[in-house]
Amino acid sequence: MDTQKIINDIKADGTYRTLKNITQVSGKYITINKTNYVNFTSNDYLGIGQFNLNLEDFQTFSKQFSNTLSSSRLISGNSVVYSNLEKSISQSFGFEDCFITNSGYDANLAVFNIFKDEDVVVFSDQKNHASIIDGIKLSDLNKVIYQHLDYTALEMQLKQYPFHTKLIVSDSVFSTNGNIVDLQHLINLKNKYSNTLLIIDDSHGLGLKLFDSYQGIDILTSSLSKAWGAHGGMILSSENIKTLIINKGRAVIYSSGLPIFNLYQLMTNFQYVISCNTRREKLLDLSRYFNEQYQVLFNHQVASLSPIKNIILPCLKSTEKVHTYLYDNGLFTSLLRYPTVEVPTLRISLSYFHSKKDIDVLLRLIKNYIQGVV
């Protein structure tokens, strides 16, 4: 294996990635190499992740529940904090039960494990997250990929498997383009075709109240590092599904449980997620404003009300140049390339900390570059 040749090939393809050393994040700013940038890359949409820790309260908490149990949940790592928190979360979101995992990635791997060796067919949106793709693949499940948000095509495919258990799986908010699923349409299809379950990954929607309710969803997975502002993942489901996850979900069976600090942060941030309506309203207002200004510049591209925005430019080279130009002018955005996306994309993530002026500066710089003003 010629590792240097592989690296050279990655560079030649324009998909070479490097890590940036982040000193700190404060409000809307991110510090990289001693320079502050306006951060348009964060998934901390509501800013909850930056709330100060109550050290006195945490010390009392850790004395009661220890610092870490240093074991998988199935051995001796299932702190009572898990059980109490899972009960509160499931009741709040209208599910029978909840299971907290180490990450959203682990949640999706564990969910699909329970269907391994069963006669099921998975119907997966073309742009679903990599963790969904990996979960399906690693559990060796039969899959049918339907075109992104094309529910007519999905229904045609569902009709072809009348005697199988069918799993419809979709992101709620797609992480690369910000599109929002038509949840009610998927629920209607699930109800129309027998032996069908609906699985939704709500990682980029949980806490934003983009949907009136989750009624009709059989399994909901999520990362807890986005609007929740913490670390971990979770699965909301029936009690039976949770039991199967505990017994068949390899990603949770063979992983140590979370440190107690993480559980403390999940517990405290849960209360913020439930109550921070003002922050949600501001974020929605910023999203509307971005969309209005965005349409002036890119009237051929559509943006949803999610905080994720994407800008499609003609090619990888032009996308890289705009990304670098913004960076040089103090704005940090996400440059998405293959294999994350098929078409090079500039992704913008809005947060509670941004202002309309920040959006104006961002779009003005992009406009200036495109029009050759700079």
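Yes or no, residue by residue, for (1) in contact (Cβ under 8 Å) with a residue 60 or more places away in the chain; (2) outside the structural domain of Lys226 (by TED's automatic domain parsing); (3) out of contact with any Lys or Arg (no Cβ under 8 Å at 6 or more places or on another chain); (4) under 17 Å from Gln265 (Cβ atoms):
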position: Phe65; (1), (2), (3), (4): yes, no, yes, yes
position: Thr68; (1), (2), (3), (4): yes, no, yes, yes
position: Leu74; (1), (2), (3), (4): yes, no, yes, no
position: Ser79; (1), (2), (3), (4): yes, no, yes, yes
position: Lys87; (1), (2), (3), (4): no, no, yes, no
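Considering only the range 28-37, I want to know if a residue exists there that is under 25 Å from Ile253 (Cα atoms), among the basic types (Lys, Arg) and surrounded by fewer than 18 Cβ atoms within 10 Å (Cβ to Cβ).
no
Leu149: on the phi > 0 side of the Ramachandran plot, in the same structural domain as Ser203 (by TED's automatic domain parsing) and either among the basic types (Lys, Arg) or modelled with pLDDT of 95 or more (or both), yes or no?
Judged against the criteria, Leu149 is a match.
What are the residues in the range 164-176 that are over 14 Å from Asn142 (Cα atoms) and outside any strand (DSSP E or B), if any?
Selection gives Ser172, Phe174, Ser175, Thr176.
Is there any pair with a first residue in the range 1-30 that is on the phi > 0 side of the Ramachandran plot and a second that is outside any strand (DSSP E or B) and not polar (S, T, N, Q) whose Cβ atoms are under 6 Å apart and which are 6 or more apart or on different chains, and what are they?
As it stands, the answer is Gly14/Leu316; Gly27/Phe353, since those pairs meet every condition given.
Give the residues of the range 180-201 that are more than 17 Å from Tyr161 (Cα to Cα) and under 18 Å from the mean Cα position of the chain (by Cα), sorted by residue number.
Ile180, Val181, Asp182, Leu183, Ile199, Ile200, Asp201
Step by step: first the residues of the range 93-121, then only those that are in a loop (DSSP other than H, G, I, E, B) and among the small types (Gly, Ala, Ser), then the one that is nearest to Gly257 (Cα to Cα). Which residue is that?
Out of the qualifying residues, it is Ser103.
Any chance the range 363-373 includes a residue that's buried (at least 17 other Cβ atoms within 10 Å of the Cβ), hydrophobic (A, V, I, L, M, F, W, C) and under 24 Å from the mean Cα position of the chain (by Cα)? Don't jump to the end; show me each part of the working.
Start the filter on the range 363-373 by keeping residues that are buried (at least 17 other Cβ atoms within 10 Å of the Cβ), which leaves 363, 365-366, 369.
Going one step further and asking which of them are hydrophobic (A, V, I, L, M, F, W, C), we end up with 363, 365-366.
Next cut, under 24 Å from the mean Cα position of the chain (by Cα) only: none.
No; the residues of the range 363-373 include none that is buried (at least 17 other Cβ atoms within 10 Å of the Cβ), hydrophobic (A, V, I, L, M, F, W, C) and under 24 Å from the mean Cα position of the chain (by Cα).
Only residues that are outside any loop (DSSP other than H, G, I, E, B), of a type outside the set (A, V, I, L, M, F, W, C) and surrounded by 15 or more Cβ atoms within 10 Å (Cβ to Cβ): list them for the range 189-215, please.
Within the range 189-215, Lys190, Thr196, Asp201 qualify.
Out of the residues in the range 38-96 meeting the condition of being in contact with a Pro (Cβ under 8 Å, 6 or more places away or on another chain) and surrounded by 17 or more Cβ atoms within 10 Å (Cβ to Cβ), tell me which one is modelled with the lowest pLDDT. Before you say what the answer is, go through the steps one by one.
Restricting attention to the range 38-96, the residues satisfying the condition of being in contact with a Pro (Cβ under 8 Å, 6 or more places away or on another chain) are 45, 67-68.
If we keep only those that are surrounded by 17 or more Cβ atoms within 10 Å (Cβ to Cβ) as well, we get 45, 68.
Numbers: Tyr45: 98, Thr68: 84.
Of everything passing the filter in the range 38-96, Thr68 is modelled with the lowest pLDDT.
The values are calculated or read from the model by the stated rules, or taken from the named source; none is laboratory data. From a predicted model like this one, the values you see are computed outputs, not experimental measurements. Note that we place each Cβ from the backbone using ideal geometry, even for glycine, and neighbour counts take in every protein chain shown.
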